[in-house]
Amino acid sequence: MTYALQRRVFCGIALAALLPAHAQVAGLGDAINKAGRQRMLSQRMAKAWFGMGQGIQAESARRVLDQSMALFDRQQVELKTFAPAGETRDTYVLLESAWSDYKSLLVGALPSQDKAKAVLDQAGKVLALAHKGTGLFEQQAGKPGAKLVNVAGRQRMLSQRMAQFYLASNWNVDSVASQREISKAREEFVPALELLRNAPEATAEIRQELALADHQWLFFDNALKARVSGAKAANDVFVSSENLLQVMDRVTGMYARVLG
């Protein structure tokens, strides 16, 4: 399958693949999956916002932002309801406040460079709290498979984080720091794929999806490393990040079902 055909096939269905099959948290595996998805959405929304501001995949970017915000809202309610009293519940109360502040930056006005650094910073605050919540659910599960759900879910986030910072750099927003964050995420992404592939819990179906993830990672990594800048390169990064995200979301769901 050619890259152009992959763009047509994957980009059109990636959004639908991220919609949870049920509207309540079904158990700790599902909680880790959804909590981890909140991490990803924090970065994906910023990516979409930056895309809109630069006219990169403008129609898709607006759809990504709208659907990601609606999904974050829904999962926030589900996770806060499911979270036991104590540190986990407190984390989701704090996340609710950080999310409210983030949402106010994302809506109400067209994206602009003067708000871009604030969007990056608030995306990071939401990410940190969502990551903490994911880790707390992993601890509650108390099973080796819980870590795999967390790691697989974190791969989703890293795909969006790299794309977010690429588009930030492309807009001359904190370019040096953005490139540093891309390199850091890249160094974390590759060994995590190996961990997921070599885990005893990895089924044949999971390994098949991870083989597809390898191919999508090559497309995405090549887009990130392209020695060109501007709209075409940014378009390639946006599309390939969505393709990789779709595959890793399926892998995370598979590991969540193994955990139960």
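Of the residues in segment 196-205, not one is closer than 25 Å to Gly51 by Cβ and either touching a Ser or Thr at 6+ places or on another chain (Cβ under 6 Å) or modelled with pLDDT of 95 or more (or both).
All told, Leu210 meets the bar of being in contact (Cβ under 8 Å) with a residue 40 or more places away in the chain and over 21 Å from Thr134 (Cα atoms). Scanning segment 75-134 for residues that are open to solvent by less than 40 Å² (accessible area, probe 1.4 Å), free of Cβ contacts under 8 Å to residues at least 40 places away in the same chain and assigned to a loop (DSSP other than H, G, I, E, B) yields a single hit, Gly86.
In the set Val258, Val228, Val190, only one residue is open to solvent by 10 Å² or more (accessible area, probe 1.4 Å), at pLDDT below 95, in a helix (DSSP H, G or I) and not charged (D, E, K, R); that residue is Val258. Being open to solvent by 40 Å² or more (accessible area, probe 1.4 Å) and at pLDDT below 95 is a property that does not hold for Ala14. Checking each residue in segment 231-245 for being open to solvent by 10 Å² or more (accessible area, probe 1.4 Å), touching a residue at least 24 places away in the same chain (Cβ under 8 Å) and of a type outside the set (A, V, I, L, M) picks out only Asn235. With respect to the conditions (1) open to solvent by less than 10 Å² (accessible area, probe 1.4 Å); (2) on the phi > 0 side of the Ramachandran plot, Gln57 falls short on a single one, namely (1).
The one condition from (1) open to solvent by 40 Å² or more (accessible area, probe 1.4 Å); (2) within 15 Å of the chain's Cα centre (by Cα) that Ser159 does not meet is (1). When you look at Val149, is it of a type in the set (A, V, I, L, M, F, W, C) and open to solvent by 20 Å² or more (accessible area, probe 1.4 Å), yes or no? For Val149, the condition - of a type in the set (A, V, I, L, M, F, W, C) and open to solvent by 20 Å² or more (accessible area, probe 1.4 Å) - is not met.
The values are calculated or read from the model by the stated rules, or taken from the named source; none is laboratory data. Predicted model, so just to flag it, every value in this text is computed and none were measured. No Cβ is skipped: glycine too gets one built from the backbone with ideal geometry, and neighbour counts run over all protein chains shown. Please note that ligands, DNA and RNA were not included when accessible areas were found on the heavy atoms of the full protein model with its side chains. Shrake-Rupley method; radii C 1.70, N 1.55, O 1.52, S 1.80 Å.
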